[in-house]
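For reference, the structure is listed below as structure tokens.
The values are calculated or read from the model by the stated rules, or taken from the named source; none is laboratory data. All of these numbers come straight from a predicted model, not from anything done at the bench. Positions of Cβ are backbone-derived with ideal geometry, glycine not excepted, and every protein chain shown enters the neighbour counts. Ligands, DNA and RNA are stripped out before the accessible areas are found, and what is left, the full protein with its side chains, is counted by its heavy atoms. Shrake-Rupley method; radii C 1.70, N 1.55, O 1.52, S 1.80 Å.
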Number of protein chains: 2
Amino acid sequence: MTLIESTPVTAEAEDICVRAPSTHPRPDGDDRYTISEVAAFTGLTAHTLRWYERIGLMPHVDRSHTGQRRFTNQDLDWLALVGKLRLTGMPVADMVRYAELVREGEHTFEERQELLQQTRRDVRSRITELQDTLAVLDHKIDFYAGAHRASERAS
Amino acid sequence: MTLIESTPVTAEAEDICVRAPSTHPRPDGDDRYTISEVAAFTGLTAHTLRWYERIGLMPHVDRSHTGQRRFTNQDLDWLALVGKLRLTGMPVADMVRYAELVREGEHTFEERQELLQQTRRDVRSRITELQDTLAVLDHKIDFYAGAHRASERAS
DNA sequence: TAGGACCTTGGAGTGCACTCCAAGCAAGGG
DNA sequence: CCCTTGCTTGGAGTGCACTCCAAGGTCCTA
């Protein structure tokens with residue numbers, strides 16, 4: 001299977017996942033996780049996973065014949081991406097917006113790219129802010145270290 | 001006035017301020033700012049400034065003869081530090097703890113230093129997280145860019 | 001000395017992101 | 001069959017960090 005003439009399968013997967021070195025708890029094919037398994041893998045609570053689904057932050061999650069959620073590896077990948085976006089401080093509403101764009105299909109590629117580029121700019125300036133703050137912290141820590149040495153000399 | 005035998009004045013100032021290149025709106029001596037001036041300088045609202053004082057995040061703020069707040073350059077410096085700490089995501093309760101230590105005097109230098117060192121560690125790992133996230137964002141942005149080029153070739 | 005902008009307080013309200021609850025259904029072991 | 005554990009739902013509750021309100025006092029300029 002080559003990827004020369006078009007990229008439909010790759011695109012579908014890429015829509016959703018982070019394309020990490022595929023380190024899933026179970027191989028594709030018998031990837032049907034219960035909510036508590038996913039909670040254990042992701043560090044989110046079952047409450048939060050249900051809430052994510054309710055607000056539209058998850059693609060529709062598969063159900064067992066009795067109505068219980070069965071998450072897939074793709075769901076795990078999506079949650080990994082959501083986790084990354086959450087780390088950036090992106091509001092949940094914006095993540096929902098991104099999820100909507102994914103659901104709407106490939107014609108939203110451009111808007112998705114723009115959203116991620118904006119996020120990227122936000123993350124970069126956040127990093128700069130934190131580095132500035134680090135300098136202030138270092139300065140004050142040095143001051144306390146100096147004061148400590150001075151009081152030792154005095155005694 | 002030399003600083004050889006001890007460091008009381010410097011220490012007092014350093015307790016509070018960020019020791020920036022002293023770029024205050026007014027020179028020391030006639031630094032008596034109203035709450036709305038401070039709001040304008042810091043970007044905080046007057047509400048927030050009053051709230052900071054109520055919860056103990058400000059050293060006692062001076063008052064005019066009629067009871068209105070008059071902030072000093074030192075207050076501005078303290079607010080600059082608080083602003084930096086806030087950027088790190090430090091909870092307000094922890095900042096209040098730090099403010100208490102400052103009020104308690106020099107015998108808390110060590111605990112203050114530890115608190116800042118912990119914060120520093122937090123900031124460093126936060127920066128690392130954000131850099132990882134940046135890599136993920138770049139990867140996905142590249143994907144969308146590639147898809148865009150592919151669709152142009154196809155048309 | 002009048003008017004408008006600004007200040008004061010305690011307490012209540014807001015928005016976000018969860019977090020939990022009650023009541024009930026379902027699956028597996030002894 | 002019972003018991004425990006886990007899952008379901010809508011809706012209510014929590015904690016944080018503000019944010020605003022009402023009612024009244026103050027400051028400045030004309």
Residue tally, condition part of a loop (DSSP other than H, G, I, E, B) and modelled with pLDDT under 95, over segment B:69-89: 2
Scan of segment A:111-124 for residues that are out of contact with any His (no Cβ under 9 Å at 6 or more places or on another chain) and either open to solvent by 60 Å² or more (accessible area, probe 1.4 Å) or at the interface with chain B (Cβ under 7 Å from one of its Cβ atoms) (or both), ordered by number: A:GLU111, A:ARG112, A:GLU114, A:LEU116, A:GLN117, A:GLN118, A:THR119, A:ARG120, A:ARG121, A:ASP122, A:VAL123, A:ARG124
Which numbered condition A:ALA40 fails, given (1) within 30 Å of B:LEU115 (Cα to Cα); (2) surrounded by fewer than 14 Cβ atoms within 10 Å (Cβ to Cβ): (1)
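Each row is one residue, and each column tells you yes or no for (1) of a type in the set (Lys, Arg); (2) within 20 Å of the chain's Cα centre (by Cα).
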site	(1), (2)
A:GLU111	no, yes
A:GLU114	no, yes
A:GLN117	no, yes
A:ARG124	yes, yes
A:ASP138	no, no
A:ILE141	no, no
A:TYR144	no, no
A:HIS148	no, no
Condition met for B:LEU87 (within 7 Å of chain A (Cβ to nearest Cβ), open to solvent by 20 Å² or more (accessible area, probe 1.4 Å) and closer than 30 Å to B:ARG32 by Cα): yes
Pairs with Cβ under 6 Å, 6+ apart, first in segment A:64-79 and within 12 Å of DNA strand D (Cβ to nearest atom), second in a helix (DSSP H, G or I): A:ARG69/A:ILE35; A:PHE71/A:VAL38
Options A:ARG97, A:ARG103: the member that is assigned to a helix (DSSP H, G or I), of a type in the set (Lys, Arg), at negative phi and modelled with pLDDT of 95 or more: A:ARG97
Residues within segment A:51-68 that are within 7 Å of DNA strand C (Cβ to nearest atom) and surrounded by 14 or more Cβ atoms within 10 Å (Cβ to Cβ), tallied: 1
Identity of the residue in segment A:69-98, within 10 Å of DNA strand C (Cβ to nearest atom) and more than 8 Å from the chain's Cα centre (by Cα), that ends up nearest to B:LEU87 (Cα to Cα): A:GLY89
